[in-house]
1. Averaged across orientations, what area in nm² does the convex hull of the alpha carbons in chain B project?
2. In whole angstrom, note down how far apart the Cα centers of the range A:97-128 and the range B:33-78 are.
3. What ranking do B:MET33, A:MET27 get, fewest neighbouring Cβ atoms within 10 angstrom at the top?
4. Would you list B:LEU70, A:LEU64 from fewest to most Cβ contacts within 10 Å?
5. Reachable lysines from A:LYS140, Cα under 17 Å, same-chain residues fewer than 8 places away excluded?
6. Report, in listed order, any pair from A:LYS77/B:LYS58; A:LYS111/A:LYS158; A:LYS121/B:LYS40 with a Cα-Cα distance greater than 24 Å.
7. Using r as the Cβ-Cβ distance of B:ALA75 and A:ALA62, and R0 as 25 Å, what FRET efficiency do you calculate, to the nearest 0.05?
8. Report ³J(HN,Hα) in whole Hz for each residue of the range A:17-33, in order, from the Karplus equation J = 6.51 cos²θ - 1.76 cosθ + 1.60 where θ = phi - 60°; Gly and Pro get x.
Amino acid sequence: MTLEYDDPIIELYRESFPDFARMVRRMGGSLEEAKDSFHDALLIYLEKGKAGKLQLHSSPRAYLLGTAKICWLHAQKKGAMLSLPEGFEAATPEDPDTEEREKKLLDSLQKSGKKCLELLKAFYYDHCSMDHIAGRFGFKGRRSATVQKYKCLEKVRKEIKITEIYAQ
Amino acid sequence: MRSDLNEIAQIDQYLFRQFSEEEGKRFEARLSMNDALAEKVEAQRLAHRLIRLYSRKKERGRIEGIYQQLLEEPAFAHQLKTIFI
């Protein structure tokens, strides 16, 4: 695993997690549970930030602690009455059959085209600009990066079709 | 851009609700009369779910990597140890 040295998330993690772990401990939880809920909350925080939908009313640390607490209570089934933060589906499991099917599909996609998945992640998940993507993946410019993006999407779609036919 | 790539771009616009009301209605009318297009839309919807699944897996891996790295820091590890003693 390569880490960027100056990743701001490291600092946020370092200054927030011990407080959350203490909170979970007081509520009778384990370190493992604290970590899982904290990671769910961090994922929500990062996703919202990337999508430009993060509305902070206080510090990132306070947001993270609040969200992680809701995630933890929900995981303990103590929080059924709590309204979940938007983006919480990050932490909720899918229907097992769907999950299994999607896992298999993803496995075959990872074998056949990692670069395409990385490019699609950069655009649809990380919300990087086409100029940034062109530079990172070595395309001439945003136009050829855009064409490549759709070709990759087409490739994934074809792979889905082949795997579905094969599975029937 | 190739016409089939244009179609992929259009399906994206439909899935991400980027069409105007008028364009959306037109696309849905095409969709109701064209099974092949409807099939492509569903495959593309699934493709986006898989991209998200892949991305989250990677992002969770990155977060776990940060945790493991922090555990290497004596002060951080000691703090956790004293909480869960």
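Please treat every number below as a calculation from the coordinates, not as lab data. Here the structure is a predicted model, which means the values were calculated and not measured. Cβ: placed from backbone, ideal geometry, glycine included. Neighbour counts: every protein chain shown.
1. Computed as one quarter of the Cα hull surface, the answer is 9.6 nm².
2. The range A:97-128 and the range B:33-78 have Cα centres separated by 8 Å.
3. The fewest-first ordering by Cβ neighbours comes to B:MET33, A:MET27.
4. Neighbour counts put them in this order, fewest first: B:LEU70, A:LEU64.
5. Within the straight-line limit of under 17 Å, A:LYS140 reaches these lysines: A:LYS115, A:LYS149, A:LYS151.
6. In this structure, A:LYS77/B:LYS58 lie more than 24 Å apart at Cα.
7. E between B:ALA75 and A:ALA62, to the nearest 0.05, is 0.65.
8. Listing the rounded values in order: 4, x, 5, 5, 4, 4, 4, 5, 4, 4, 8, x, x, 9, 4, 4, 5 Hz.
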